[in-house]
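Structure first, then comments.
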Amino acid sequence: MILGDLLGTPVHNDDGVWLGRVADARFVVDGAPHRLMADARLLGLVVSPHSWSSFMGYERNSLTQPWPLPKLLRWRHRGSFFVMWEDIEVLGDRSVRLRPGYTAYSPALDGNGQE
Amino acid sequence: MKRLLGVALGILTAIGGFVDIGDLVTNAVVGSRFGLSLIWVVAVGVVGICVFANMSGRVAAASGRATFEVIRERLGPRAGLANLSASFLINLMTVTAEIGGIALALQLASSVNYLLWIPLAAVAVWLVIWRVKFSIMENVTGLLGLTLIVFAVALFLLKPDWGTLASQAIPAVPAEETGATYWYFAIALFGAAMTPYEVFFFSSGAVEEGWKIKDLIQSRINVLVGFPLGGLLSVAIAGCAAVVLLPAGISVTSLSQVILPVAEGAGKLGLAVVLLGIVAATFGAALETTLSSGYTLAQFFGWSWGKFRAPAKAARFHVSMIICLLVGIAVLATGVDPVLVTEYSVVFSAVALPLTYLPILIVANDPQYMGKHVNGRGVNVVAMVYLVVILVASLAAIPLMIVTGAGA
């Protein structure tokens, strides 16, 4: 599976209720260290109920300019949330199903792009 | 002293490099049909390209990334590819128009059919891209393009009634034109002044020349002085057409009509100079657009690019430019009128403008790319006003093209 194909895939909870679509995948770089960079590890997916288009970098809270673009872009992704890889039960071609009792984290990142 | 010379040279090449086949044709068409009543659009376009070029130059200097590297990073591969396709096709159309422009100007100089000049022009463009140093290429075509000042000289020699000419400069739809054609040509003129390739080229050129933050002051002076003066050249082209062609009821459909007022005002010598100027301006723009097509592709796909690398080290970059030139030749070989290609290319440039403008605006506000060189408040206010203007022009262009039958 190519990660890019996952973008836009519908996401359901374990009861089959539609939650949104995959808008982004987040990685942490904490795998086996190499000369330039350590291996990346998939931390989880961002699910957005209104649009699976790019956040254009405005998932970082520190970005506030130019008015009113950040407001518009965040409004377009209102209700979006982040789920950890551990909370994903099935990762299929046509849909993603979350485990019962999954935790929905805020998709926002602080100034340095960390959680 | 050396610094002063550098600034002067930069300004002069920015003036000479501002005008291309799109500006020549569109300004003359507009002048011959609308007089100076659309001249305000040139001012709007010049301020816009200053804002845009200033932002993309700053992004390139601060982050070391050119336009399409930024677009790829910000939009992701899919939206980025859609963006690339549209921008690239319109740029290819502009390449075709510029090569056609060189050939038409050479036809006027030599009486040899322009179709025979097309392969020669394209090979010359390729040779320069292949062999000539970036700075020499820029400076020579820019300085020779300055000879287009002959349009301003001719305007004075034509001794127009300046009062009447000035009174034409008030925005108003002429009696024989409709509101739709007026706004269609407003968009065309805006697209001609704010062609996207100028920005691909400007930001990639900044990377080619290895700009650092300290070079930004010079580039800002080049843009803020050079482009408005280049805009004045555009106004002179429209003015010549308004003085000679509008009263005679000639609406411009060919390059020979564009230079007719110069021949009338400045005689044979003027004619020789204007032909030199048009060849230089279109040749310079052909180089810039061809390079831009290579830049956009290479930056998106992550190929090594740039004239500062030997062609063997940037093989895909060079091959893609050769293919673009061949496509341009093939399109022109069908006998399609290069002036018509130009008229469409400026309108489609306006359509595609938001695709590159918005990502640059966003990244210019991102401290992770820009450090402390993010847009200031004042720049952002102007930039947001222009975002609205650009979006409106982009959305209105195709409906207006259909309603007016492409301005017929």
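For the stretch B:344-374, a residue qualifies if it is among the charged types (D, E, K, R) and either away from chain A (no Cβ under 12 Å) or touching a residue at least 60 places away in the same chain (Cβ under 8 Å) (or both), and exactly one does: B:LYS372.
Here's the yes/no breakdown for (1) surrounded by fewer than 18 Cβ atoms within 10 Å (Cβ to Cβ); (2) under 20 Å from the mean Cα position of the chain (by Cα); (3) of a type in the set (Lys, Arg); (4) over 20 Å from B:THR404 (Cα atoms):
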site	(1), (2), (3), (4)
B:GLY335	yes, no, no, yes
B:THR342	no, yes, no, no
B:PHE348	no, yes, no, no
B:LEU353	no, yes, no, yes
B:LEU358	no, yes, no, yes
B:ILE362	no, no, no, yes
B:PRO367	yes, no, no, yes
B:ASN380	no, no, no, yes
B:MET384	yes, no, no, yes
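Selection within the stretch B:61-111: residues that are within 23 Å of B:GLY277 (Cβ to Cβ) and either within 14 Å of chain A (Cβ to nearest Cβ) or small (Gly, Ala, Ser) (or both). The member of this set that is nearest to the chain's Cα centre (by Cα) is B:ALA97.
Reported count of residues in the stretch B:133-184, each being free of Cβ contacts under 8 Å to residues at least 24 places away in the same chain and assigned to a loop (DSSP other than H, G, I, E, B), is 4.
Within the stretch A:20-64, if we keep just the residues that are crowded, with 20+ Cβ neighbours inside 10 Å and more than 12 Å from the chain's Cα centre (by Cα), the residue that is farthest from the other protein chains (Cβ to nearest Cβ) turns out to be A:TYR58.
For the stretch B:25-48, residues that are outside any helix (DSSP H, G or I) and within 8 Å of B:ALA242 (Cα to Cα) total 2.
Go through B:ILE15, B:ILE21 for me and flag whichever is touching a residue at least 60 places away in the same chain (Cβ under 8 Å), touching an Asp or Glu at 6+ places or on another chain (Cβ under 6 Å) and crowded, with 21+ Cβ neighbours inside 10 Å.
B:ILE21
For the stretch B:56-96, residues that are aliphatic (A, V, I, L, M), in contact with a Leu (Cβ under 9 Å, 6 or more places away or on another chain) and crowded, with 24+ Cβ neighbours inside 10 Å total 2. Of all the criteria given as (1) part of a helix (DSSP H, G or I); (2) touching a residue at least 24 places away in the same chain (Cβ under 8 Å); (3) surrounded by 20 or more Cβ atoms within 10 Å (Cβ to Cβ), the one not satisfied by B:VAL252 is (1).
Filter the stretch A:69-96 for residues that are in contact with a strand residue (DSSP E or B) (Cβ under 9 Å, 6 or more places away or on another chain), touching a residue at least 60 places away in the same chain (Cβ under 8 Å) and not in a strand (DSSP E or B) and give the result. Of everything in the stretch A:69-96, those that are in contact with a strand residue (DSSP E or B) (Cβ under 9 Å, 6 or more places away or on another chain), touching a residue at least 60 places away in the same chain (Cβ under 8 Å) and not in a strand (DSSP E or B) turn out to be A:SER80, A:ARG94, A:SER95.
Here is a yes/no grid of residues against (1) within 11 Å of B:ALA14 (Cβ to Cβ); (2) modelled with pLDDT of 90 or more; (3) part of a helix (DSSP H, G or I):
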residue	(1), (2), (3)
B:SER203	no, no, yes
B:VAL207	no, no, yes
B:GLY210	no, no, no
B:LYS214	no, no, yes
B:LEU224	yes, no, yes
B:ALA241	no, yes, yes
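Within the stretch B:375-408, the residues that satisfy the criterion of being away from chain A (no Cβ under 14 Å), in a helix (DSSP H, G or I) and touching a residue at least 12 places away in the same chain (Cβ under 8 Å) are B:VAL389, B:ALA393, B:SER394, B:ALA396, B:ALA397, B:ILE398, B:LEU400, B:MET401, B:VAL403, B:THR404.
Return the total of residues in the stretch A:3-22 being hydrophobic (A, V, I, L, M, F, W, C) and either more than 28 Å from A:PRO70 (Cα to Cα) or free of Cβ contacts under 8 Å to residues at least 60 places away in the same chain (or both). First the steps, then the outcome.
As a first pass, look at the stretch A:3-22 and keep what is hydrophobic (A, V, I, L, M, F, W, C): A:3, A:6-7, A:11, A:17-19, A:22.
With the extra rule that they be either more than 28 Å from A:PRO70 (Cα to Cα) or free of Cβ contacts under 8 Å to residues at least 60 places away in the same chain (or both), the set shrinks to A:3, A:7, A:17-18.
Residues in the stretch A:3-22 being hydrophobic (A, V, I, L, M, F, W, C) and either more than 28 Å from A:PRO70 (Cα to Cα) or free of Cβ contacts under 8 Å to residues at least 60 places away in the same chain (or both): 4 in total.
Could you check, for the stretch A:10-19, whether at least one of its residues is surrounded by 15 or more Cβ atoms within 10 Å (Cβ to Cβ) and within 14 Å of chain B (Cβ to nearest Cβ)? So that I can check it myself, show each step before the final result.
To start, the set of residues in the stretch A:10-19 that are surrounded by 15 or more Cβ atoms within 10 Å (Cβ to Cβ) comprises A:10-13, A:19.
Then drop every residue that is not within 14 Å of chain B (Cβ to nearest Cβ), which leaves none.
Within the stretch A:10-19 (the criterion being surrounded by 15 or more Cβ atoms within 10 Å (Cβ to Cβ) and within 14 Å of chain B (Cβ to nearest Cβ)), the answer is no, since none of the residues qualifies.
The values are calculated or read from the model by the stated rules, or taken from the named source; none is laboratory data. Fair warning: this is a prediction, and the values are worked out from it, not measured in the lab. When we count neighbours, we look across all protein chains shown, and the Cβ atoms used for this are built from the backbone with ideal geometry, even at glycine.
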